[in-house]
Amino acid sequence: MADFLPTLPKAQRAFLIGVQTPEMPEGEGEELLAELTELVENLGLSIVRSAFVKLRAPSPALFLGKGKAEEMMALAKEDGAEVIVFDSALSPAQQRNWEELAGMAVIDRQEVILEVFADRAHTREAVLQVALARMEYSLPRLTRAWTHLSRQRGKGSMGGEGETQLEQDRRVVRDRIAHLKQELAQVVRQRGVQRTRRVRVPLPTASIVGYTNAGKSSLLNRLTGSDVLAVDKLFATLDPTTRQLVLPGNQKLLLTDTVGFIRRLPHGLVEAFKATLEEVLVADFLIHVVDITSPHFEKHRATTLSVLAELGAGDRPVVNVFNKVDLADPIEIRAARQAVPDALFVSARTGAGIDALKERCREMIADSLGTVRLLVPHDRYDVVAKLHALGHVQEQEHREEGVLVTGRFPASQSGLLAPFVVKSASARKKARA
């Protein structure tokens, strides 16, 4: 069976339609259309025209009113378009009606995002996640693949040629969806094993989150000296990448880069990528990266926070970071400070503000740990080294009987700490009583 959501030919000429509905804030339709333009360009399609429609109420048959729909179709044909791209989600029936009337392919924002994800997927996990989302999207739209065949009912219980083939394909797609879910469950188990191995040598963890193309991968590279793919494209990174960051005081932190968010992200993709995004659920804190140069940064922040809440990570401690400060003007910086007073301002490209971000990360780790005093014998400098790696050492004093260390360390390290804990005078009296 062929994939029923075929990859679009790169040479196609696209006619884009943006929509502003009464419930949308003023100007949001134009912003989303500009975003759709970038998504479509990332697919390599040539945009012949972008049209914008103010809609009072959606039509069940065509989403737009029949007169406006016919006007859009005429413009698309006049411009020599080969595909019409809708910024709003179309139902399977609306999509089919448009294609029958226009005589060309008609896709919506969800299908464009799925195509972009398919183009970016490389690892087994990402390929599986995209395949599942594409299959779930295509299942109610399979009739599009069989419009050239008869779907007339035959005599008795037998359907026509197209009807029979359509039902066969539906069964195959459902079987494929079930199989993909099983494979993804195995990937989730493998990821759990990897995470368990990390927990055996417990280190604080943080996940980098944010709107797509905010510079998350570039920031990971700047902080850790790694070489994760970082290009000026939407959804350049689909798979989580974890690297170790050494903070001041030799404190170690595991940083995970995650897939970027976008407005109107297809729900199927949110579900499919939970195996990837679940890293944010187990992180000690999140680093929320925002592109300060985007005129829509506040909506980008809101989108990210909304998806995090949907994933169950809305209560995670957050370090707010505005990236690309080297490209920002004073007005943009002032607006960002007013919107998020506690935010840090950095440039992953130049390194500006990176030291302040590292210090904030160290403070976040320290705030989550309990303070304790330890006296470590001189012949156990291996323990002192672990303390620096696993926690936040506030003071260190060399004494005749050993090294006196004051700091904050994870409760999970109680087994390591117990033999060296220095009890207070009150605690000693209580123990003798």
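Coordinate-derived values only; no laboratory data. Predicted model, so just to flag it, every value in this text is computed and none were measured. Note: ideal-geometry Cβ built from the backbone for every residue, glycine included; neighbour counts use all protein chains shown.
Computed from backbone phi with θ = phi - 60° and the Karplus coefficients 6.51, -1.76 and 1.60, the 3J(HN,Hα) list for region 284-297 is 5, 7, 10, 10, 8, 9, 10, 7, 5, 7, 6, x, 10, 4 Hz; x is used for glycine and proline.
Label sites at I354 and Q182, each approximated as a point 7 angstrom past Cα along Cα to Cβ, lie 4.7 nm apart. Backbone amide hydrogens, once placed in the peptide plane, bring V319 within less than 5 Å of L286, I287, H288, excluding anything fewer than 5 places away on its chain.
With the simple model of a label 7 Å out from the Cα in the direction of the Cβ, R13 to H398 spans 7.8 nm. Taking a Cβ cut-off of under 12 Å around H378, the surrounding Lys, Arg, Asp and Glu residues balance to a net charge of -2, with basic ones at +1 and acidic ones at -1. Counting Cα-Cα pairs of region 13-120 in 5 Å increments starting at 0 gives whole-percent bin shares of 2, 13, 25, 26, 21, 10, 2, 0. Cross-link pairs exceeding 23 Å between alpha carbons, from the set K216/K358; K181/K299; K54/K216; K299/K358; K299/K324; K252/K299: K181/K299; K54/K216; K299/K358; K252/K299. Just add up the charged neighbours of F52: K/R +1, D/E -1, any other residue whose Cβ is under 14 Å from the Cβ of F52. Here the charged neighbours net out to -4. The distance between label points at A93 and A385 comes to 7.0 nm (points 7 Å beyond Cα on the Cα→Cβ vector). Tell me, how many Å apart are the Cα centres for region 334-357 and for region 371-397? Spelled out, the Cα-based centre of one part sits 33 Å from the other. For A102, the shell of other residues with beta-carbons less than 10 Å away shows a net charge of -2, using +1 for Lys and Arg and -1 for Asp and Glu.
Centroid-to-centroid, using Cα positions, region 64-89 and region 99-145 are 20 Å apart. Full extension of the chain between L416 and E23 gives 135.7 nm of extra length, using 0.36 nm per residue less the Cα-Cα distance.
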